[in-house]
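The structure appears right after this line, and notes come after that.
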Amino acid sequence: MELLLGTWHWAISGFLIGIIMLVLVYFGKTFGMSSNLRTMCTMMGADRASDFFKMDWREQKWNLAIVLGAVLGGFIASYFLSDANMILHLNPKTVENLNQLNIDAPAGKWVPDAIFGWENVLSVKGSTTLLIGGILIGFGTRYAGGCTSGHAISGLSNLQKPSLIAVIGFFIGGLIMSHFILPLIF
Amino acid sequence: MKLFRFFSIGIVFGIVLTKAEAISWYRIYEMFMFQSFHMYGIIAIAIATGVIGIQIIKKKKIKDYKGFPIQLVDKDRGFVRYLAGGLLFGLGWGLVGCCPGPVFILLGTGAFSIVIVLVGALLGTFLYGILKDKLPH
């Protein structure tokens, strides 16, 4: 039980993610979560504003089904497959860094209150931060044509050079944010 | 029934990413600070599994569930779009600590303020659709 309720080992987790990608290939689909954002835009009528959204969203129902499943999976994992005293075992150095940024340590949470807590979210700075983060994710993934699942996992597994360029971009962006911009925001 | 199959895959995906803690802002921050191997291990093993699996599919000409040959579409050639788009996504990933999969999974874990990130992500996708033809690709 301990094995199931605690943090899953990176090797097991990575293997399962690879298998999920392969199962989708077997079912004739491509693993890619950010495509759903485009589908959702189309469903909300974005096709009237740009040809980019002119598509039959019904053909993407399978991917939306994955999204719905993922939401339920998150619920099951965090309410039934987690220890009540769940703690993320972060590197002590990371906790120290977080301290300097005034970001609270995990203590049983997936995300820090300093960013996702309602007190912060209801402030102008807090909600703007989350919104800008979201815009960067939506815009960037569509510009690059994929996210972690589409490029890093699917693309690199098929040895695609464009995916390698994209993943290098992901990391340059992430490193700039974590090392230089986060300290300016917090 | 067909959709149920994908719904089930989604459930497994959500459970794995949650239990791997890949949905956690903390894990992403730790990764970008080079202070943990955890996320790198997950990504590396996922890719290794994928590469081996795809090679087997190609070498053995494995058919899909309907009996048709599996065809993997190559990504379009290009450079600017991948690097620039990737960089912008990376900035967002580092800031709010989640990529498009975990945005949804976190909803299920009860981190409801993630909805703002989701609204932003939809807005960003929409913006790209509008500006697409003016951007270098």
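We did not get these values from a lab; they are worked out from the coordinates using the rules stated. Quantities reported herein were computed from a predicted structural model and do not represent experimental measurements. Here the Cβ positions follow ideal geometry from the backbone for every residue, glycine too, while neighbour counts run over all protein chains shown.
At a glance:
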| item | result |
| --- | --- |
| Ranked list, fewest to most other Cβ atoms within 10 Å of each Cβ, for B:18, A:7, B:125 | A:7, B:18, B:125 |
| Inter-label distance, nm, simple model (7 Å from Cα along the C-beta direction), residue A:128/residue A:47 | 3.7 |
| Taking the C-alpha atoms of segment A:1-82, convex hull volume expressed per residue in Å³ | 111 |
| Proxy reagent accessibility, fewest Cβ within 10 Å first, across B:24, A:35 | A:35, B:24 |
| Two-site label geometry, residue B:55 and residue B:77: point separation in nm, points 7 Å out along Cα→Cβ | 2.6 |
| Per-residue mean of C-beta atoms belonging to partner chains within 10 Å, peptide A:78-89 | 3 |
| Alpha carbon convex hull of segment A:82-148, volume per residue in cubic angstrom | 130 |
| Average beta carbon contacts from partner chains per residue of A:30-42, 10 Å cutoff | 5 |
| Under Karplus coefficients 6.51, -1.76 and 1.60, residue-wise ³J(HN,Hα) of segment A:90-104 in Hz, glycine/proline x | 7, 4, x, 5, 5, 4, 4, 4, 4, 4, 5, 8, 6, 9, 5 |
| In degrees, nearest ten, helix A:10-26 long axis to first principal axis of chain A (Cα) | 10 |
| FRET efficiency for residue A:2 and residue B:40, using Cβ-Cβ distance with R0 set to 25 Å, rounded to 0.05 | 0.55 |
| In order through segment B:30-44: 3J(HN,Hα) via Karplus (6.51 cos²θ - 1.76 cosθ + 1.60), integer Hz, x for Gly, Pro | 4, 5, 5, 8, 6, 10, 7, 8, 2, 5, 4, x, 4, 5, 5 |
| Likely footprinting exposure, A:48, A:38, B:5, fewest C-beta neighbours within 10 Å first | A:48, B:5, A:38 |
| Of A:70, A:152, A:105, the one that fluctuates the most in a GNM where chain A has Cα springs shorter than 10 Å | A:70 |
| Virtual paramagnetic centre 7 Å along Cα→Cβ of residue B:112, amide N under 15 Å, in segment A:122-146 | A:122 |
| Rounded Å value of the spacing that divides the Cα centres of segment B:43-62 and segment A:133-185 | 22 |
| Length-normalised contact order for segment B:22-137 - Cα pairs under 8 Å, 6+ apart - percent | 31 |
| 0 to 90° range, to nearest 10: angle between helix A:161-176 axis and chain A longest Cα axis | 30 |
| CD proxy at 222 nm, helix term only [per DSSP H run n ≥ 4: -39500 (n - 2.57); per residue of chain A; nearest 500] | -17500 deg cm²/dmol |
| Translational diffusion of the protein assembly as shown, µm² s⁻¹ [Kirkwood Rh, Cα pairs; Stokes-Einstein; 4 °C; 1.567 mPa s] | 66 |
